[in-house]
């Protein structure tokens, strides 16, 4: 492939720059390229500062706070006309249809919609919401040069069961940067440790873990549960109250947000994810690369991961707490695991970071050249 004379100019569109799978993966892509090859800027639709802002700037990118308000369309269109981006890469689900329609009007040749989850309504299924989604999907279909999903399940659920018939559609699996593995702890924690990584909110279903833990504690003395992630709304308080009422407060640790969850996962004996929905959960990939067994909800994205990694076990959320607890107890039984086994297997898998980076560069270059 002929290398362009000037760097590709990519504009990523996100709701915010807080710690989340879509945000972190987009920033890791920006960090993966030298500035003379790819320049990645970010538009933030919330208009708020985020904990990841400094990483964007360190990678040579700019952050534009473009709040969703009555002036948004004019401001965004003017930004595109002024900065002459090669590609607009939108990560805001169906609202990407609006973003890409404006990008097309502004003459941007590459227009990418990136789907990170199949969940659209998130519990707010009203007639107005359905009309909005239908309109956004129509705009996305008419204006996207590429439609990307983090997994086949996400593509089927969010876009179309026959997505492979559309040449614009492709799956690009997320990856784990190899340099993140350089300083991992070499031994597991002394106490039997279960870790759950993700924002503490209803969709992640951490409340379900308390009932399981009280059963596990009867068979595994000293077991502890570490919750890694930001507490959202009052849900964290509900989890704390449930732990107190079940007598498990001393066994549940609320760690909060951390810069590097891999270190916590690597020291744990089990990573557990009881989410109601996920796209392609990065926490499960992080468990795989550290050879930490994972017990996860049976969802399309987790099944895709489990096809490649034997230490990932999927369970239906319809199974009761006792069934989940027994699975946890079995997973906590001492076994011999090679510390490097997960990393080696991961490097050969479809989730290798180099594949993730190369697939994006090929798509950006092609969509810019052929749109």
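The values are calculated or read from the model by the stated rules, or taken from the named source; none is laboratory data. Keep in mind that this is a model prediction, so the values were computed, not measured. Cβ coordinates were reconstructed from backbone atoms using ideal geometry, including for glycine residues, and neighbour counts include every protein chain displayed.
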Given the conditions (1) surrounded by 15 or more Cβ atoms within 10 Å (Cβ to Cβ); (2) under 24 Å from the mean Cα position of the chain (by Cα); (3) not assigned by TED's automatic domain parsing to the domain that holds residue 356, every one holds for residue 259 apart from (1)
Scanning for something surrounded by 13 or more Cβ atoms within 10 Å (Cβ to Cβ), in a loop (DSSP other than H, G, I, E, B), in the same structural domain as residue 158 (by TED's automatic domain parsing) and over 18 Å from the mean Cα position of the chain (by Cα), does segment 110-132 turn up at least one residue? no
Counting only helices (runs of 4 or more DSSP H) entirely within segment 134-248, those with at least 1 residues that are surrounded by fewer than 21 Cβ atoms within 10 Å (Cβ to Cβ) and without any contact (Cβ under 8 Å) to a residue 12 or more places away in the chain are 207-219, 235-245
When restricted to 147, 172, 194, the only residue closer than 24 Å to residue 272 by Cα, modelled with pLDDT of 95 or more and touching a strand residue (DSSP E or B) at 6+ places or on another chain (Cβ under 8 Å) is 194
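State which residue is nearest to residue 286 (Cα to Cα) when the search covers only segment 262-272 and only residues that are crowded, with 20+ Cβ neighbours inside 10 Å and out of contact with any helix residue (DSSP H, G or I) (no Cβ under 6 Å at 6 or more places or on another chain).
Of all residues in segment 262-272, those crowded, with 20+ Cβ neighbours inside 10 Å come to 262, 264-266, 268-272.
Narrowing the set further to residues that are out of contact with any helix residue (DSSP H, G or I) (no Cβ under 6 Å at 6 or more places or on another chain) leaves 264, 266, 268-269, 272.
Working: 264: 10, 266: 9, 268: 12, 269: 13, 272: 12 Å.
Among them, the one singled out is 266.
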Checklist entry - Is one or more of the residues making up segment 301-315 over 30 Å from residue 202 (Cβ atoms), without any contact (Cβ under 8 Å) to a residue 24 or more places away in the chain and in the same structural domain as residue 199 (by TED's automatic domain parsing)? => result yes
Looking only at segment 82-90, decide whether some residue is in contact with a strand residue (DSSP E or B) (Cβ under 7 Å, 6 or more places away or on another chain) and closer than 24 Å to residue 261 by Cα.
no
So the helices (runs of 4 or more DSSP H) completely within segment 5-97 holding 3 or more residues that are in the same structural domain as residue 129 (by TED's automatic domain parsing) and surrounded by fewer than 16 Cβ atoms within 10 Å (Cβ to Cβ) are 53-58, 72-83
